[in-house]
Amino acid sequence: MALPIRTLIAHCVNQVIRQYYPRQYSSLCHVYAIVGSNLISIVLDRVYRPVAGLAAVDCGGGQLMTMLDNAAFANPAGGSYHCWIESADDLVSEREVVDLTFRHNHTYAEQNGFRWQRALPPDFLWGQQSSIVVRAPLHAIPRAFPDGMVWLQETDEGWQWMMRQLQEHQSAFVTLTSEALKLFQAHLAPDSSLLAHPPATQTPASLLMAAV
């Protein structure tokens, strides 16, 4: 049975990144965000962009895994932050948020000293911002979230860091996007009309961002 389009996109991005980075894939949120935003933009013929900033994840049992190290974006050694995807056009009334790394939350949490005490997370989050992102200021993040929700906040430092990633590693991201697109096309039914014509969005948002 054919997978829903969103599920297929998430699957293809995950498969390609795990193939290229079999050991560190669960910590490569920026790669998921960049390759994912490219593939979504191509398949849906819309504009999506990779986003970098701060995040918090409810691990259950009163444990909140926070990724709030904004200074990490200027630290060559890295640190604790998060990357995700957002729609960047006006074709819908409310911004969409996509997190293709959500499937790895329990693994990442346990690797960082947290005991996961919730049901296993869904493979990805994708929907209107109000249904996915917990609304709260940084100083008042609640200790527990509803299922399928996460706290996110883009920062200027995250934006600048993402621009550097796009500019410095553009060739690698083009290769990964191409591989993900090939895998996506391989899963389409022979009579599928999806991608039968070149999309109006010829250049994914992340590549346009890199050229700024």
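With the simple model of a label 7 Å out from the Cα in the direction of the Cβ, residue 94 to residue 135 spans 0.9 nm.
Global size of segment 85-195: 17.3, 52 Å for Rg and Dmax (C-alpha atoms, Rg to one decimal, Dmax whole).
When each full DSSP H helix of the chain is screened for a Cα extent of at least 20 Å along its own axis and an average Kyte-Doolittle hydropathy of at least 0.5, the helices passing are 29-44.
The spread of Cα positions in the chain, taken along each principal axis and listed from longest to shortest, comes to 49, 40, 38 Å. Taking Cα centre as origin and charging only the Cβ of basic (Lys, Arg, +1) and acidic (Asp, Glu, -1) residues, the dipole magnitude of segment 5-210 rounds to 440 debye. Counting neighbouring beta carbons within 10 Å and listing from fewest to most, the residues 135, 118 come out as 135, 118. Which of 187, 30, 139 moves most in a GNM of the chain, Cα contacts under 10 Å? In this elastic network of the chain, the residue with the biggest mean-square fluctuation among 187, 30, 139 is 139.
A short reminder: the numbers here are calculations on the coordinates, not readings from a lab. As the structure is a computational prediction, the values presented were derived from the model and not from experiment. Ideal geometry is used to build each Cβ from the backbone, glycine not excepted, and the neighbour counts take in all protein chains shown.
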